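Worksheet: the structure to be examined is printed underneath.
The values are calculated or read from the model by the stated rules, or taken from the named source; none is laboratory data. Computed from a predicted model, the values in this text were never measured in an experiment. In this analysis, Cβ positions are derived from the backbone assuming ideal geometry, glycine residues included, and neighbour counts consider all displayed protein chains. Calculation scope for accessible area: heavy atoms of the full protein, side chains included, ligands and nucleic acids excluded. Shrake-Rupley method; radii C 1.70, N 1.55, O 1.52, S 1.80 Å.
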Amino acid sequence: MKKLEYKDWRHIFKLDPAKNIAADALELICESGTDAIIIGGSDNVTLDNVIDLLMRVRRYAVPVALEVSTIEAITPGFDYYFIPSVLNSSETKWVKDLHHAATKEFGEVMNWDEIIPEGYCILNPDCKAAKLTNALHPLSEEDIIAYAEMVEHLFRFPVFYMEYSGMYGDVQTVKKVSKRLKNNQLFYGGGIQTEEQARQMATYADTIIVGNYIYDNLAEALKTVEAVKTLSKQ
């Protein structure tokens, strides 16, 4: 069966290379019917633990992408490389400086067809990613919509990522952002713990990402796959 391109992904499981996951749990995740696995995290991400998890996931047919948070952990072997630009960061480091350094070092050998820039908006001020990037808060609904439109019309990134990271987001805000985006793929991540929450967000987001809950309640996390795959985006 031909693998879906990232534009067609509706459901993703996100695995943190700094967290332990048993072989039987990893098999259930990779064989669940999810469209893809993203490997990525905010801290303690190393080349060794990224390669280890990549090799374990590669035993299965599911596509696998690296969400790059540190240059030192970049390695060949992924189907895609998602490159976040944290638009509400107060430091240019997280918007463009690390990206410039990586391109300067690896630009000649990069396969640009595999590299997918993401316009990131971190919406949980208490999460690790927000603190690491000094993300600006609070953000109004109008602020978030403006970031989304910047991603689509100014930067022309293919993906806008609403990252609530451990907190379930506001469905109406996701709906309004979705209605304003015409050509971009809207990623939603954060706090999904039930089939109903997965359906709610997948009604408006093109792609939902389930991450932390894998490690808290795998059985319930696995149910989100079918909840999304049987649903059409509005």
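Annotations
- Of Asp113, Asp48, all but one fail to be more than 23 Å from Glu5 (Cβ to Cβ), loosely packed, with under 12 Cβ neighbours inside 10 Å and out of contact with any strand residue (DSSP E or B) (no Cβ under 7 Å at 6 or more places or on another chain); the exception is Asp48.
- Failed criterion for Asp43 (all others in (1) in contact (Cβ under 8 Å) with a residue 12 or more places away in the chain; (2) under 18 Å from Asn217 (Cβ atoms); (3) more than 14 Å from the chain's Cα centre (by Cα) hold): (2)
- Residue under evaluation Asp113, criteria (1) within 23 Å of Leu181 (Cβ to Cβ); (2) modelled with pLDDT of 95 or more, criterion not met: (2)
- Residues in region 131-144 that are in contact with a Leu (Cβ under 9 Å, 6 or more places away or on another chain) and either open to solvent by 40 Å² or more (accessible area, probe 1.4 Å) or not small (Gly, Ala, Ser) (or both): His137, Leu139, Asp143, Ile144.
- Set Asp35, Asp43, Asp8, Asp16: member being open to solvent by 80 Å² or more (accessible area, probe 1.4 Å) and not aliphatic (A, V, I, L, M): Asp8
- Among the conditions (1) open to solvent by 30 Å² or more (accessible area, probe 1.4 Å); (2) out of contact with any Phe, Trp or Tyr (no Cβ under 7 Å at 6 or more places or on another chain), Leu26 misses just one, which is (1).
- Flag not set for Ala148, criterion: part of a helix (DSSP H, G or I), open to solvent by less than 10 Å² (accessible area, probe 1.4 Å) and within 21 Å of Leu4 (Cα to Cα).
- Hits in region 95-110 (condition: crowded, with 16+ Cβ neighbours inside 10 Å, of a type outside the set (Gly, Ala, Ser) and not in a loop (DSSP other than H, G, I, E, B)): Leu98, His99
- Whichever residue in region 154-189 is modelled with pLDDT under 95 and on the phi > 0 side of the Ramachandran plot and, among such residues, is most open to solvent (accessible area, probe 1.4 Å): Gly166
- When each of Ala146, Ala135 is tested for being under 21 Å from Ser90 (Cβ atoms) and free of Cβ contacts under 8 Å to residues at least 12 places away in the same chain, the lone residue that passes is Ala146.
- Among the residues of region 198-233, those that are open to solvent by less than 40 Å² (accessible area, probe 1.4 Å), closer than 18 Å to Thr173 by Cα and part of a helix (DSSP H, G or I) comprise Ala198, Met201, Ala202.
- Residues in region 29-49 that are out of contact with any helix residue (DSSP H, G or I) (no Cβ under 6 Å at 6 or more places or on another chain) and among the aliphatic types (A, V, I, L, M): Ile29, Ala36, Ile38.
- Tally, over region 67-91, of residues that are out of contact with any Lys or Arg (no Cβ under 8 Å at 6 or more places or on another chain), open to solvent by less than 40 Å² (accessible area, probe 1.4 Å) and either part of a loop (DSSP other than H, G, I, E, B) or of a type outside the set (A, V, I, L, M) (or both): 11
- Any chance Glu118 is in contact with a Phe, Trp or Tyr (Cβ under 7 Å, 6 or more places away or on another chain), more than 30 Å from Asp24 (Cβ to Cβ) and touching a residue at least 12 places away in the same chain (Cβ under 8 Å): yes
- Evaluation of Leu123 against (1) aliphatic (A, V, I, L, M); (2) surrounded by fewer than 18 Cβ atoms within 10 Å (Cβ to Cβ); (3) farther than 30 Å from Pro76 by Cβ (one fails), failing number: (2)
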